[in-house]
Amino acid sequence: RCRELARNDEYVRRYLQLLRTNVVGPHGVSVQCKARNADGSLDGPGNLLIERAWKAWGKRGVCTIDGRLSFSDAQRLVIETLARDGEVLVRKINGANNPDRFAIQFLEADLLDEELNKKLENGNAVRMGVEINGFGRAVAYHLLQAHPGDYEFANGYHRKHIRVPANEILHIFQ
């Protein structure tokens, strides 16, 4: 229902636009490094090097695995998706094909199988697609291999999952 409202209701569209504009802003959240030397003074050259590297990574074509978004665009997508859907899944990709060998991938929250609930042989439990240990800490995410809205799903597709370790997923939710 929220997605339908985001598409068709002018008040909801305006609310999401205000979030993108006023929470993230035109340039997004950036890094201002304040590393210090042993004597307590700011390490100007080191800080500049880190800030330039961060800015280079945040450019369109580098920070997201599909190359479509800049980091500020990604931040706007996070705030909009969180407000509209209530949760955001971001996968951290090590070994990406960019100079830093790291990128992020946005995943539809619909891929997290809320109907998957079971006890595992190792003592962990899967609750609504999230594998947790005995202390309630997320260990892995069990994601559907196909989106529930895809053609395969409508034609008797069996729910097949991939297990993604929790240290590869940022699960932001309300």
In the set ALA103, ALA146, ALA96, the lone residue that is touching a residue at least 12 places away in the same chain (Cβ under 8 Å), under 21 Å from SER70 (Cα atoms) and not in a strand (DSSP E or B) is ALA96
Note on the range 106-137: residues part of a strand (DSSP E or B) and either in contact with a Ser or Thr (Cβ under 6 Å, 6 or more places away or on another chain) or open to solvent by 40 Å² or more (accessible area, probe 1.4 Å) (or both) are PHE106, LYS118, LYS119, ARG127
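Okay, residues lined up against (1) more than 18 Å from the chain's Cα centre (by Cα); (2) at pLDDT 95 or above; (3) under 30 Å from TYR11 (Cβ atoms); (4) among the polar types (S, T, N, Q):
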position: LYS92; (1), (2), (3), (4): no, yes, no, no
position: GLY95; (1), (2), (3), (4): no, yes, no, no
position: LEU107; (1), (2), (3), (4): no, yes, yes, no
position: ASP110; (1), (2), (3), (4): no, no, yes, no
position: GLU115; (1), (2), (3), (4): yes, no, no, no
position: VAL130; (1), (2), (3), (4): no, yes, no, no
position: LEU144; (1), (2), (3), (4): no, no, no, no
position: ALA154; (1), (2), (3), (4): yes, no, no, no
position: LEU170; (1), (2), (3), (4): no, yes, yes, no
For the range 106-127, pairs from a residue that is over 13 Å from ALA140 (Cβ atoms) to a residue that is open to solvent by 30 Å² or more (accessible area, probe 1.4 Å) and charged (D, E, K, R), with Cβ under 6 Å and 6 or more apart or across chains, are LEU107/ARG91; ALA109/ASP85; ALA109/GLU87; ASN117/ARG127
Screening ARG13, ARG84, ARG20, ARG7 for residues that are modelled with pLDDT under 95 and under 26 Å from HIS142 (Cβ atoms) leaves only ARG84
Among (1) of a type in the set (S, T, N, Q); (2) farther than 26 Å from LYS59 by Cα; (3) surrounded by 13 or more Cβ atoms within 10 Å (Cβ to Cβ), ASN47 falls short only on (2)
Subset of the range 18-37, residues open to solvent by 100 Å² or more (accessible area, probe 1.4 Å) and free of Cβ contacts under 8 Å to residues at least 40 places away in the same chain, comes to ASN22, GLN32, LYS34, ARG36
Filter the range 65-93 for residues that are open to solvent by 40 Å² or more (accessible area, probe 1.4 Å) and part of a strand (DSSP E or B); the one that is nearest to VAL130 (Cα to Cα) is ARG91
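The values are calculated or read from the model by the stated rules, or taken from the named source; none is laboratory data. Keep in mind that what you see is a predicted model, and the values were worked out from it rather than measured. Methodologically, a virtual Cβ is constructed for each residue, glycine included, from the backbone with ideal geometry; neighbour enumeration extends over all protein chains shown. Areas reflect the complete protein model, heavy atoms only, side chains present, ligands, DNA and RNA absent. Shrake-Rupley method; radii C 1.70, N 1.55, O 1.52, S 1.80 Å.
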